[in-house]
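Chemist: My questions all concern the structure below.
The values are calculated or read from the model by the stated rules, or taken from the named source; none is laboratory data. Since the structure is predicted, the reported quantities are computational estimates derived from the model, not experimental observations. Note that each Cβ is placed from the backbone with ideal geometry, even for glycine, and that neighbours are counted across all protein chains shown. Note: accessible area is taken over every heavy atom of the protein model, side chains too, but ligands, DNA and RNA are not part of it. Shrake-Rupley method; radii C 1.70, N 1.55, O 1.52, S 1.80 Å.
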Amino acid sequence: MRPTVWWQDDHVVMIDQRRLPAEEVYVECRTPQEVAEAIRSMVIRGAPAIGVAAAFGVVLGARPGNGALTSAELDAIDAALRSTRPTAVNLSWALDRMRRRAEALPPKADVRAELLGEALAIEEEDVASCRRIGELGAALLPDGVRVLTHCNAGALATAGYGTALGVVRSAAQAGKLLRVYADETRPYLQGARLTAWELVQDGIPTTLITDSMAGHMMARGEIDAVVVGADRIAANGDVANKIGTYTLAVVARENGIPFYVAAPVSTVDLATPTGAEIPIEERSPDEVTMHAGTRVAARGVDVRNPAFDVTPHRYVTAIVCERGVARAPYDASLRALATP
Ligand code: MRU
């Protein structure tokens, strides 16, 4: 499988996730504004992948050669990218890191080359983090495990390998994985379109279910563990992730099934005390009323479309990061893992 997003010659290339699984089409971005539009329009999505794309977006704003990037220019690039998706904290994490690098450069530096080095480091570190998360997460699972996952926290949502699907891939490699159940993930269908596509490509036994089937499967003893990604983890361990995650966590608790969150340290936001302070993105009503270009809802109905929900930390069995596995009390365990 090709990577999700990469730097090629003098521009950024990303697989167009809106077109999957029907077509493998690639989008090229040559300006920060084009990257911002790609993030906003879901060409690229998934918290860590958005962070990597944004880092490359900053590089595109710097002129080739050693022309300086003024702080007004940097502010404009930063603002255009930062406003695209409010919930995924990896976006602002990557932009903050790029800004620190830009501001620390000596006067005669080749700004674009230096910023490209930083963006490539973010990309490389993300793949390494996913592999480590995979190993640590797989170690928590029993032999013959049947895992339920939600949305797409896979290679497509990261620079490669995935977080929740990194755990799945590592468990498969260790010979522990019996089957993955992928929720289709209404309304945008990341599970049906993206997770199913990734896992089938890897030859991992995968069964697609609708979101509303998950409780039934858990109650029937057909699921042994739930593993999901995250868009932002508050300091107290509350987890923002794709809408529907909270419901799964509650039903998992009711059925005595462990609920694991797999995410890099860049998703942990110690500056946000609890889930109540996490901004929740509301997306277009069209995602709810339309299916593949056809209207499926009655005209004139009011629609809500919050793209994420918050799972209170009391439902989370463990949070698997590349630096270790955090357990309750999360204030202390996350602080220990996420403090540089
Ligand atoms: O709206 P999306 O598709 O960007 O939402 C993605 C998710 O909710 C993922 O679970 C999360 O970003 C983790 S990706 C490793």
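Chemist: Would you check if there is a residue in the stretch 51-65 being touching a Gly at 6+ places or on another chain (Cβ under 8 Å), at pLDDT 95 or above and aliphatic (A, V, I, L, M)?
Modeler: So the first thing to find is which residues in the stretch 51-65 are touching a Gly at 6+ places or on another chain (Cβ under 8 Å), and the list is none.
The answer is no, given that none of the residues of the stretch 51-65 is touching a Gly at 6+ places or on another chain (Cβ under 8 Å), at pLDDT 95 or above and aliphatic (A, V, I, L, M).
Each row is one residue, and each column tells you yes or no for (1) over 15 Å from L199 (Cβ atoms); (2) more than 14 Å from the ligand (Cβ to nearest atom); (3) not aromatic (F, W, Y).
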{"position": "I122", "(1), (2), (3)": "yes, yes, yes"}
{"position": "A128", "(1), (2), (3)": "yes, yes, yes"}
{"position": "G137", "(1), (2), (3)": "yes, no, yes"}
{"position": "T149", "(1), (2), (3)": "no, no, yes"}
{"position": "A157", "(1), (2), (3)": "no, no, yes"}
{"position": "A164", "(1), (2), (3)": "no, no, yes"}
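Chemist: Could you list, in sequence order, the residues of the stretch 33-62 that are of a type in the set (K, R) and either over 21 Å from R2 (Cα atoms) or surrounded by fewer than 24 Cβ atoms within 10 Å (Cβ to Cβ) (or both)? Reasoning before the result, please.
Modeler: Step one: filter the stretch 33-62 for residues of a type in the set (K, R), giving 40, 45.
If the condition is that a residue be of a type in the set (K, R) and either over 21 Å from R2 (Cα atoms) or surrounded by fewer than 24 Cβ atoms within 10 Å (Cβ to Cβ) (or both), then R40 is the only one that fits.
Chemist: Right, another one. For a quick check of your reading: which strands (runs of 3 or more DSSP E) sit entirely within the stretch 282-340 and have at least 1 residues that are on the phi > 0 side of the Ramachandran plot, open to solvent by 30 Å² or more (accessible area, probe 1.4 Å) and not aliphatic (A, V, I, L, M)? Show your work before the answer.
Modeler: Details: elements: 308-311, 318-321, 324-326.
In the stretch 282-340, there are no strands (runs of 3 or more DSSP E) which contain 1 or more residues that are on the phi > 0 side of the Ramachandran plot, open to solvent by 30 Å² or more (accessible area, probe 1.4 Å) and not aliphatic (A, V, I, L, M).
Chemist: Identify, by number, the condition in (1) within 11 Å of the ligand (Cβ to nearest atom); (2) not in a helix (DSSP H, G or I) that P48 doesn't meet.
Modeler: (2)
Chemist: Considering only residues that are in contact (Cβ under 8 Å) with a residue 24 or more places away in the chain, open to solvent by 10 Å² or more (accessible area, probe 1.4 Å) and part of a loop (DSSP other than H, G, I, E, B), which ones fall in the stretch 1-32?
Modeler: Within the stretch 1-32, M1, P3, D10, R18, P21, R30, T31 meet the criteria.
Chemist: Then there is this: In the list S83, S71, which residue meets the criterion of being surrounded by fewer than 20 Cβ atoms within 10 Å (Cβ to Cβ), under 22 Å from the mean Cα position of the chain (by Cα) and not hydrophobic (A, V, I, L, M, F, W, C)? Don't jump to the end; show me each part of the working.
Modeler: On the way: S71 fails: under 22 Å from the mean Cα position of the chain (by Cα).
Exactly one residue qualifies, and that residue is S83.
Chemist: Go through the stretch 270-281 and report how many residues are within 14 Å of the ligand (Cβ to nearest atom) and surrounded by fewer than 21 Cβ atoms within 10 Å (Cβ to Cβ).
Modeler: Result for the stretch 270-281: 3.
Chemist: Another question, then. Considering only residues that are part of a helix (DSSP H, G or I), within 12 Å of the ligand (Cβ to nearest atom), under 13 Å from the mean Cα position of the chain (by Cα) and of a type in the set (V, I, T), which ones fall in the stretch 235-268?
Modeler: T267
Chemist: Among (1) within 16 Å of the ligand (Cβ to nearest atom); (2) modelled with pLDDT under 95, there is one condition M14 misses while meeting the rest; what is its number?
Modeler: (2)
Chemist: Can you pull out the residues in the stretch 102-122 that are surrounded by fewer than 12 Cβ atoms within 10 Å (Cβ to Cβ), assigned to a loop (DSSP other than H, G, I, E, B) and not hydrophobic (A, V, I, L, M, F, W, C)?
Modeler: The answer is P106, P107, K108.
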